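The values are calculated or read from the model by the stated rules, or taken from the named source; none is laboratory data. The model shown is predicted, which means the values in this text are computed figures rather than measured ones. Methodologically, a virtual Cβ is constructed for each residue, glycine included, from the backbone with ideal geometry; neighbour enumeration extends over all protein chains shown.
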């Protein structure tokens with residue numbers, strides 16, 4: 001057992017509890033409250049510190065990039081633009097993950113995703129960012145389908161015939177879901193692995209997480225999502241403001257990518273003040289890094305996005321939710337992570353203050369599945 005004692009605990013959903021304890025038993029949170037105690041528990045004194053849920057990255061390809069094989073990108077299957085049957089589990093390399101510094105940045109879990117090249121790129125998993133064995137890392141498998149509706153797809157398949165235009169991209173997506181719906185309606189059919197995955201999306205069992213950056217790309221994605229009644233999560237979404245009302249009406253999620261990456265915020269006219277306003281009106285918004293392009297520039301870039309939201313007027317608690325419970329809800333993983341509640345994974349970060357507000361409020365300790373995986377030693 002592990003008892004985090006006397007910290008200022010942010011449980012999530014705007015709920016701050018001063019001088020509060022968090023009791024972890026094995027890999028789960030057992031209780032949260034000022035009077036919580038347990039005989040024989042290992043104690044971490046968090047007096048004067050803030051205690052938060054671990055950060056949740058909505059999607060990231062790190063762990064499936066295949067750094068060791070130069071010129072080989074295991075997270076991107078480009079033999080065909082439509083490959084929903086691909087499963088990111090079979091690209092995962094634990095040794096690659098072990099080289100990373102997620103825990104130092106407070107990132108305790110993320111959506112392990114296929115990359116950004118294929119139109120429908122394959123199935124996602126949800127993993128812890130630290131683990132000794134592969135079986136310890138995976139929290140959920142085949143829990144979302146990844147798609148891309150950006151110029152990267154066109155560039156990747158330009159020499160292969162299709163798709164070379166947005167027209168072709170939309171037509172191929174539309175045809176893939178139409179064919180899957182027809183497949184689902186048949187009583188007798190030959191098994192098709194790709195269509196089986198698309199049928200799960202059509203039944204709304206899993207979300208369709210699709211990258212779309214510009215307002216034009218997002219508009220097409222919205223049209224597709226409404227036509228097939230999908231559970232959409234729009235990633236990147238730098239030009240989302242013009243379509244935000246429709247997205248809110250559908251109850252879909254938006255994962256804002258790193259708007260400093262490749263000057264995306266300037267290219268697509270990201271208005272952070274407007275996003276804060278929309279969030280307060282009910283837009284389901286999380287912030288992330290540019291991890292679907294493969295290797296994030298730095299894991300701390302998540303805090304750069306947080307700083308932009310803070311400068312735009314978002315409160316520290318709002319930004320914390322955007323980095324924890326909001327991405328967890330988008331992926332359907334909020335029963336596991338995203339807030340400090342009994343029964344959830346014991347993923348906890350202890351900080352000098354809210355790191356979403358000031359960079360010197362850095363992470364002091366990171367606890368994952370009830371075990372300390374990072375502790376800052378330097379003064």
Residue that is surrounded by the most Cβ atoms within 10 Å (Cβ to Cβ), among those in segment 17-60 that are modelled with pLDDT under 95 and within 30 Å of residue 237 (Cα to Cα) = 58
Failed item in (1) surrounded by 24 or more Cβ atoms within 10 Å (Cβ to Cβ); (2) closer than 22 Å to residue 19 by Cβ; (3) at pLDDT 95 or above, with residue 342 passing the rest | (1)
Hey, does segment 87-95 have a residue that's more than 20 Å from the chain's Cα centre (by Cα), modelled with pLDDT of 95 or more and surrounded by 24 or more Cβ atoms within 10 Å (Cβ to Cβ)?
-> no
Go through segment 313-339 residue by residue and tally those that are more than 18 Å from the chain's Cα centre (by Cα), farther than 15 Å from residue 8 by Cβ and buried (at least 17 other Cβ atoms within 10 Å of the Cβ).
-> 1
Long-range neighbours under 6 Å by Cβ, at least six apart or interchain, first residue farther than 20 Å from residue 247 by Cβ within segment 318-340, second assigned to a helix (DSSP H, G or I) and modelled with pLDDT of 95 or more | 337/328; 338/325; 338/328; 339/325
Could you pull out the residue among 254, 221 that is touching a strand residue (DSSP E or B) at 6+ places or on another chain (Cβ under 9 Å), buried (at least 23 other Cβ atoms within 10 Å of the Cβ) and part of a helix (DSSP H, G or I)?
-> 221
In segment 227-251, which residues are more than 18 Å from residue 148 (Cα to Cα) and either assigned to a helix (DSSP H, G or I) or in contact (Cβ under 8 Å) with a residue 60 or more places away in the chain (or both)?
-> 241, 242, 244, 245, 246, 248, 249, 250
From 63, 7, which residue is buried (at least 19 other Cβ atoms within 10 Å of the Cβ), over 19 Å from residue 153 (Cβ atoms) and under 19 Å from the mean Cα position of the chain (by Cα)?
-> 63
Could you count how many residues in segment 1-53 are within 21 Å of residue 325 (Cβ to Cβ), touching a residue at least 60 places away in the same chain (Cβ under 8 Å) and assigned to a strand (DSSP E or B)?
-> 18
Please verify whether segment 70-82 includes one or more residues that are in contact with a strand residue (DSSP E or B) (Cβ under 6 Å, 6 or more places away or on another chain), surrounded by fewer than 17 Cβ atoms within 10 Å (Cβ to Cβ) and touching a residue at least 40 places away in the same chain (Cβ under 8 Å).
-> no
Considering every residue within segment 69-82, establish whether at least one is part of a loop (DSSP other than H, G, I, E, B), out of contact with any helix residue (DSSP H, G or I) (no Cβ under 8 Å at 6 or more places or on another chain) and on the phi > 0 side of the Ramachandran plot.
-> yes
Scan segment 213-227 for residues that are at pLDDT below 95 and closer than 23 Å to residue 124 by Cα and report the count.
-> 1
